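The values are calculated or read from the model by the stated rules, or taken from the named source; none is laboratory data. None of these values were measured; they are calculated from a predicted model. Here the Cβ positions follow ideal geometry from the backbone for every residue, glycine too, while neighbour counts run over all protein chains shown.
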Ligand code: ADP
Ligand code: MG
């Protein structure tokens, strides 16, 4: 089921006009979610991810704009009639019911032509439980399950009605690191197997990058960029997106363009054909540095951390906006640890130039 959001806006009015202002939680969203894909809605806390999800689900009414499922306008449709499965951060299971009863619950309220027999219900519940691999836990109560198992029950409960759309709001946030990894792979597996159009909300860029077919990066209710995770990482449209994606994060510098050359700390570090003279902000990915004793970029060496396959070099520079510069190079490279300075040349496609004021990307020709 394709989902289209058209000029979708949600404004929360001020409770007390003297004390607070209205909040534009979602601002003029235009987005097409292709059928059968997993989309990651990504952005810092408060950027409007949950509000967007709740509008897709019907739990919240948009202030303006429209929502389509396929060709149908569902903007005015109630949640029950939209055919969505919802999973929240806090699994929201009924504590007094067994796993089986929890999964069966959404089926017991079906009416009219959707009404199922007892056997059909049990069959469906077992199917959903098998899908998330909890079919051996059906008689337990939620309190007798781990966090990861509880979240699987919540996912089974969302899937049991065969929804057209699966909506997940930070479903992994309450799990510990290992379970988080495992459960996110599980969600990906289930999504691929069922082919159900899925919207996955998270503030964790690594999580979104690792499981999404497409990510939507948001800031203050406004879409910044939409694309395949790798494409957005490789080609961010502005400084916010460049900074939001990647671990270790991108290195940011104050720079200057003069005569189609990029200067950092008064050194011409890169040719930037096509950019006019101006002060700029520069982003360099950690993997964009090449160890080069004659390289144009000169930094003060702090320390060298060997991490198996890679070497992380920590250095500083007057022009760096971050307290330290982190560069990742292959461990085949020998780093002279005793030196006070370290020199790099740069990989042009790992260097992004931004307008100092607007923070929008300024493109240059990479030869
Ligand atoms: P996210 O899920 O990205 O953290 P939310 O969608 O929950 O963000 O919130 C977006 C903005 O809308 C925030 O500024 C939040 O305070 C505000 N907001 C969310 N829900 C309400 C509400 N029911 N009433 C007033 N403001 C709200
Ligand atoms: Mg939220």
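Can you list the strands (runs of 3 or more DSSP E) lying wholly within the range 14-79 that have 2 or more residues being within 16 Å of ligand 2 (Cβ to nearest atom), crowded, with 20+ Cβ neighbours inside 10 Å and under 22 Å from the mean Cα position of the chain (by Cα)? Talk me through it step by step, then tell me what you get.
Values: elements: 23-33, 38-42, 64-69.
Answer list for the range 14-79: 23-33, 38-42.
Does residue 222 count as within 14 Å of ligand 1 (Cβ to nearest atom), buried (at least 19 other Cβ atoms within 10 Å of the Cβ) and in contact (Cβ under 8 Å) with a residue 24 or more places away in the chain?
Criteria not met by residue 222.
When only residues in the range 105-136 that are crowded, with 20+ Cβ neighbours inside 10 Å and in a loop (DSSP other than H, G, I, E, B) count, which is modelled with the highest pLDDT?
The residue in question is 134.
Go through the range 271-286 and give me each residue that's over 14 Å from residue 320 (Cα atoms) and surrounded by 22 or more Cβ atoms within 10 Å (Cβ to Cβ).
Result: 272, single match.
What's the number of the only condition in (1) closer than 23 Å to residue 176 by Cα; (2) at pLDDT below 90 that residue 145 fails to meet?
The failed condition is (2).
Of the residues 183, 202, only one is more than 14 Å from ligand 1 (Cβ to nearest atom) and either at pLDDT 95 or above or buried (at least 20 other Cβ atoms within 10 Å of the Cβ) (or both); which? Can you show your working first?
Numbers: 202 fails: more than 14 Å from ligand 1 (Cβ to nearest atom).
After applying the criteria, what remains is 183.
For the range 192-214, enumerate the residues that are within 16 Å of ligand 2 (Cβ to nearest atom) and over 19 Å from residue 359 (Cβ atoms).
Here is the first cut: in the range 192-214, the residues within 16 Å of ligand 2 (Cβ to nearest atom) are 199-205, 207-208.
Within the range 192-214, 199, 200, 201, 202, 203, 204, 207, 208 meet the criteria.
Taking residue 294 as meeting all but one of (1) outside any strand (DSSP E or B); (2) under 23 Å from residue 327 (Cβ atoms); (3) at pLDDT 95 or above, write down the number of the exception.
Of (1) outside any strand (DSSP E or B); (2) under 23 Å from residue 327 (Cβ atoms); (3) at pLDDT 95 or above, only one is false for residue 294: (3).
Mind listing whichever residues of the range 302-360 are assigned to a loop (DSSP other than H, G, I, E, B) and in contact with a helix residue (DSSP H, G or I) (Cβ under 8 Å, 6 or more places away or on another chain)? Can you show your working first?
At the first step, the residues of the range 302-360 found to be assigned to a loop (DSSP other than H, G, I, E, B) are 308-309, 317-319, 321-324, 331-340, 347, 356-359.
Correct list: 347, 359.
Criterion first (within 30 Å of residue 170 (Cα to Cα), touching a residue at least 40 places away in the same chain (Cβ under 8 Å) and within 16 Å of ligand 1 (Cβ to nearest atom)) does residue 237 satisfy it?
Numbers: within 30 Å of residue 170 (Cα to Cα): yes; touching a residue at least 40 places away in the same chain (Cβ under 8 Å): yes; within 16 Å of ligand 1 (Cβ to nearest atom): no.
Spelling it out, it is not the case that residue 237 is within 30 Å of residue 170 (Cα to Cα), touching a residue at least 40 places away in the same chain (Cβ under 8 Å) and within 16 Å of ligand 1 (Cβ to nearest atom).
Being over 9 Å from the mean Cα position of the chain (by Cα), crowded, with 16+ Cβ neighbours inside 10 Å and either under 19 Å from residue 169 (Cβ atoms) or free of Cβ contacts under 8 Å to residues at least 40 places away in the same chain (or both) is the requirement here; does residue 189 meet it?
Working: over 9 Å from the mean Cα position of the chain (by Cα): yes; crowded, with 16+ Cβ neighbours inside 10 Å: no; either under 19 Å from residue 169 (Cβ atoms) or free of Cβ contacts under 8 Å to residues at least 40 places away in the same chain (or both): yes.
So residue 189 does not fit the description; no.
Is the range 89-102 home to any residue that is touching a residue at least 60 places away in the same chain (Cβ under 8 Å) and out of contact with any helix residue (DSSP H, G or I) (no Cβ under 8 Å at 6 or more places or on another chain)? Don't jump to the end; show me each part of the working.
First, the residues of the range 89-102 that are touching a residue at least 60 places away in the same chain (Cβ under 8 Å): 89-93.
This time we only want the ones that are out of contact with any helix residue (DSSP H, G or I) (no Cβ under 8 Å at 6 or more places or on another chain), so: 89-90.
Yes - at least one qualifying residue is present in the range 89-102.
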